[in-house]
1. When only DSSP loop residues count, what trypsin sites (Lys or Arg not before Pro) in segment B:1-72 have their Cβ near at most 16 other Cβ atoms within 10 Å?
2. Of A:Ser118, A:Thr133, A:Ala67, whose Cα points farthest to the positive end of the dipole of segment A:7-139 (charges on the beta-carbon: +1 Lys, Arg; -1 Asp, Glu; origin at the Cα centre)?
3. Return the whole-Å distance between the Cα centroid of segment B:73-139 and the Cα centroid of segment B:14-53.
4. Taking a ≥ b ≥ c as the square roots of the Cα gyration tensor eigenvalues, with a/c under 1.5 meaning rounded and otherwise prolate when a/b beats b/c, else oblate, which class fits segment A:1-105?
5. Any idea what the relative contact order of chain A is, in percent, if you count C-alpha pairs under 8 Å spaced at least 6 apart?
6. Taking the Cα centre of segment B:29-103 as the origin and placing charges on Cβ (Lys, Arg +1; Asp, Glu -1), which of B:Leu55, B:Leu85, B:Ala97 is farthest toward the positive end of the dipole?
7. Determine ³J(HN,Hα), in whole Hz, for all residues of segment B:65-79 in sequence, where each value follows from phi through the Karplus function 6.51 cos²θ - 1.76 cosθ + 1.60 and θ = phi - 60°; x replaces Gly and Pro.
8. What FRET efficiency, computed as 1/(1 + (r/R0)^6) with R0 = 30 Å and r the Cβ-Cβ distance, is obtained for A:Thr43 and B:Ala44, rounded to the nearest 0.05?
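Read-outs throughout are calculated quantities, based only on the coordinates presented, and are distinct from any laboratory measurement. Keep in mind the model is a prediction, meaning the values are calculated, not measured. Heads up, the Cβs are rebuilt from the backbone with ideal geometry, glycines too, and the neighbour counts pull from every protein chain shown.
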Amino acid sequence: MSTEFTPWLSFFGGVLIGLAALILMAAHGRIAGISGILSGWLTRTDSSTPINTAFLVGLVLGLPLTALLSSQPISIENDTPFIGMLMAGLFVGYGTVHGSGCTSGHGVCGISRLSARSMVATATFMSTAIVFTFIVRHVFGA
Amino acid sequence: MLPLISAGASGLIFGIGLTVSGMVNPAKVKNFLDLAGDWDPSLAFVMLGAISVTLPGYRLLRKSQSPWFTSKFQWPTRQDIDSPLIVGAVFFGVGWALSGLCPGPAMAALPSAIPGVLGFVLTLGVGATIAHHQKRLKDLVEKNASP
């Protein structure tokens, strides 16, 4: 399904994400990597479980609050079958913890720190996803 | 109380950002990844917007002594490009393309209660826990192997 290119809204949303990451670093000295925060919370490994919990509660409330304040409908269109979503979740969960980061931790925070590790990771997951999409959509025509 | 409020506010602003930017919509992410199809470059603008704040912001924070509510900044220190970094990123890339979701947008989209999103978050937790314990086991074995 086609989607509308939204440069301004997307840039503005990105600025908010950057602000959120700055607040977490300024207040708690933490990188705003969602996979790290989520896995830390799930496995109770780090000492800052209450901080992780508060962050995740806020994260989950962002969409309903935006829906409440905005007149625009929020679209969430998913055409992947349920079994595919289950497999994808497993891959993303395993991959982001094994590879120490996701789009936020490596893609935003890591690149901003000019970390070579994060740049390599970001280039790897981006190119993998682009090649996978090309094969699925244009070779198999799904 | 203030530490919790600041962490909650950070999460909330993050969630609003993901929603406003359109990243909670898997179709938008899939179209970003489809260079040969109906390409939607929006995701690149999200990253640009975020990095334009965090790049100068982190630089400033590097100069300050300590965070507001804790004794020290936890800046990542690792610099090595090892195989888990690459293997993990490949797994992530496949799952990301298959679903159009990464951990942040998946969490933010939870209140939509769309079955696919709920299922994704469930197995996301399973996969993350598996990788966590695998890492712990490996560290344990390495510790015992070294004299």
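1. B:Lys63, B:Lys72
2. Sorting the options by dipole projection puts first A:Ser118.
3. Their Cα centres are 18 Å away from one another.
4. Cα axes put segment A:1-105 in the oblate bin.
5. With pairs under 8 Å counted, the relative contact order is 26 percent.
6. Projecting each Cα onto the dipole axis, the largest value belongs to B:Leu55.
7. 5, 8, x, 5, 10, 8, 6, 9, 6, 9, 6, x, 10, 5, 10
8. It comes to 0.35.
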